[in-house]
Amino acid sequence: MTKFYRYLFTRSELRGVLILSFGVILIRVVAYAMVPVIDDFPDSQLTSASGDSAAQVRKKPKLIEINSADSIALDELPGIGLVFARRIIKYREMLGGFAFPGQLREVYGMDSARLSGFIKLIRIDTSALRKLDLNKATFKELLAHPYLEYDHVKAIVRFRDKKGLIGSPGELWAAGVLADSLWEGLSHYLTAVADSSFNEKKVLVK
């Protein structure tokens, strides 16, 4: 084999070819050693890295505020078409606004499966709930609320007429006028505003 190369190269040329070949091999070995081996990284690290980059690209969905949303905004929620959007708005008006997510289950035709499909996509602002003033609301206004039956309203009005000015909604439960089961839902929609003119009228009557 050496004799064959002698006919192709001179001794000095052959030495140069060997040195060059050795240099190429050495460069490839060093380059290969510097490349990180993917298998050395745990799968969890690779998954985490790809997940982080995907999370940066993917934006969080904008939550819909259920007490101010119109039918068009509500229609964008999964499982809620225009029919359910109108029902939600109608019941919202009857209530005076939603105080907590579970009340959406009270909308006509709403079931747990449908509610669970969009409950994480909504938020509730309770700052603008419409409340009934126990010292001023009429019998008709109290009866219009979904949580109050005729007997409830009759008992409230009788208590108000007998006691006079109601200091706080809690007095209705403390006096046994309303059942404890009504507290969780109804308490969000009642208030008792002190009216100085009320006391003045009582003094004049006396």
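One table, with the values for the structure above:
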read-out	value
Residue count for segment 61-106, restricted to those that are on the phi < 0 side of the Ramachandran plot and not in a helix (DSSP H, G or I)	18
Answer residue from segment 70-82, given it is touching a residue at least 24 places away in the same chain (Cβ under 8 Å) and surrounded by fewer than 19 Cβ atoms within 10 Å (Cβ to Cβ) and is nearest to the chain's Cα centre (by Cα) among those	78
The lone exception for residue 149 - which of (1) charged (D, E, K, R); (2) modelled with pLDDT of 95 or more; (3) within 16 Å of residue 136 (Cβ to Cβ) it fails	(3)
Residues satisfying the stated conditions in segment 140-155, i.e. of a type outside the set (Ser, Thr, Tyr), touching a residue at least 12 places away in the same chain (Cβ under 8 Å) and touching a helix residue (DSSP H, G or I) at 6+ places or on another chain (Cβ under 6 Å)	142, 146, 148, 153
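The values are calculated or read from the model by the stated rules, or taken from the named source; none is laboratory data. Since we're looking at a predicted model, the values are computed, not measured. Heads up, the Cβs are rebuilt from the backbone with ideal geometry, glycines too, and the neighbour counts pull from every protein chain shown.
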